[in-house]
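I have placed the structure first, in the form of structure tokens, so that the comments after it can refer back to it.
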Amino acid sequence: MRVKGRLLGVAAVGTAALLVAACGSGPSGGSSGSSAKSGQITIGVDLTYNDTAFWAAYINYETQYAKQMHIKLLGPLLAAADASLQNQQIEDLVNEGARAIVVNPETATSLGPAITYATAHHVQLVSVDTIVGVGKVYIVVRASNTLYGQDACAYISSKVKSGYVLDLEGDLTSSNGADRTNAFNACMAANDPGVKILKDPTVWTDATAVTDAQNAVDAYGKQLKAIYSQWSSPDTGIIPLLKSKGLGPGSANPVLLVSDDGVPFEMCDIGNGSVSASQSQPANLYAQYALTYAVDAAKGVKLAVGQPGGGAPALQDVSYQGDSNLADPIVAPFVTKTQTTLTVATPVDGLPGTTTTTPVSDSALWGNVYGAAHGGVCAAS
């Protein structure tokens, strides 16, 4: 069967050795049947993107874990944000003999035809980074985006008690954007009520985020105390903006900047003080546990809520638009310049109220690993 859009994986070659060093000895998810002892298990992979440092690193880690776990990979295929193509690619992977398929869905509701086709052929899907709200998958491997929002709140509320904080919201129709926004706003309201939150939806558009930051600086000046950017790429416009307005690091009234992703340039900017903190969306753990659970799915292992997770304390259900699926909501590192402990008196959605941050100097952070393989973390800053 002809497979459309096959990704050749050239990017995976150059940094493989470094990524192996950071991966450790291999998966340790704890679920039964998670490692093939003999022969190979064929697992399909279909991704929406490969054109960011995060997804390039993910592909590298996935290649290495596949070797360690005796997995034959079909793909990764690249859907390039085309939901129709992605559904067709998954059908092709089923027809090529994939016993389970790892997929980063275009949207939470775009995989309906693929799920129907795969289920009819006794193949289950493992969704990476995105909740599925249009049918049943084996499991969702995704960092707890609710924790993202609470961690940003914990950091900002520990330092800001008055004035304005700008929340540059992602796409509120996406589970990731909605979870980060709802958790941050709820946490700030409960734990830092003296602060006014400026809520600006951006639909993950960089230019919109930078313009919103410009407008907030112009309107509130020194009363703007912090910016929470729910993804990393607006930082490259916000940092020079703050510096030009006398609100950058080292100024009398520096604006805190907290972002999400953990890409190499964030590691550089945290180190030099331009970014205060960032949630490191763990490319290594996504790859490790997506493949671990894909092997489980292929072997017919039954998983249930409450069982030990790989990246989270326990497996739990996550819901979107009325559909619930089992998930391993990975606890992602929250990175600051030096290790510190942050606490909120009123946590969100049953989360722990205390988190210990990871120092930016930690060489195991995927952003540092990837940066070291590409000229240093500041090369892309």
Scan the range 65-80 and give yes if some residue there is crowded, with 23+ Cβ neighbours inside 10 Å, in a helix (DSSP H, G or I) and in contact with a strand residue (DSSP E or B) (Cβ under 7 Å, 6 or more places away or on another chain), otherwise no.
no
Over the range 191-231, the set of residues among the polar types (S, T, N, Q), in contact (Cβ under 8 Å) with a residue 24 or more places away in the chain and farther than 30 Å from Thr354 by Cα is Gln214
Quick one: in the range 39-62, of everything that is assigned to a loop (DSSP other than H, G, I, E, B) and touching a residue at least 40 places away in the same chain (Cβ under 8 Å), which residue is surrounded by the fewest Cβ atoms within 10 Å (Cβ to Cβ)?
Thr52
Any idea which of Ser127, Ser84, Ser174 is hydroxyl-bearing (Ser, Thr, Tyr) and closer than 20 Å to Val331 by Cβ?
Ser127
Exactly one of these conditions fails for Ser319: (1) under 18 Å from the mean Cα position of the chain (by Cα); (2) on the phi < 0 side of the Ramachandran plot; (3) touching a residue at least 40 places away in the same chain (Cβ under 8 Å); (4) buried (at least 19 other Cβ atoms within 10 Å of the Cβ). Give me its number.
(4)
Those residues that are under 22 Å from Ala57 (Cα atoms), in contact with a Leu (Cβ under 7 Å, 6 or more places away or on another chain) and polar (S, T, N, Q), I need them from the range 235-283; list them, please.
Ser280
Conditions (1) under 30 Å from Ile239 (Cβ atoms); (2) among the hydrophobic types (A, V, I, L, M, F, W, C); (3) in contact with a Phe, Trp or Tyr (Cβ under 7 Å, 6 or more places away or on another chain); (4) at pLDDT 95 or above; number of the one not met by Met188:
(3)
Any residue that is touching a His at 6+ places or on another chain (Cβ under 9 Å) and assigned by TED's automatic domain parsing to the domain that holds Glu169 - is there at least one of those in the range 201-223?
no
Out of (1) over 28 Å from Val134 (Cα atoms); (2) in contact with a helix residue (DSSP H, G or I) (Cβ under 8 Å, 6 or more places away or on another chain), the odd one out for Gln288 is which?
(1)
For a quick check of your reading: which helices (runs of 4 or more DSSP H) sit entirely within the range 231-325 and have at least 2 residues that are small (Gly, Ala, Ser)?
235-244, 283-299
Would you be able to tell me the number of residues in the range 331-381 that are β-branched (Val, Ile, Thr) and buried (at least 17 other Cβ atoms within 10 Å of the Cβ)?
11
Out of the residues in the range 37-59 that are modelled with pLDDT of 95 or more and touching a helix residue (DSSP H, G or I) at 6+ places or on another chain (Cβ under 6 Å), which is farthest from Ser127 (Cα to Cα)?
Ile41
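The values are calculated or read from the model by the stated rules, or taken from the named source; none is laboratory data. Every value quoted in this text rests on a predicted model; they were computed, and no experiment measured them. Every residue, glycine among them, receives a Cβ derived from its backbone with ideal geometry; neighbour counts consider all protein chains shown.
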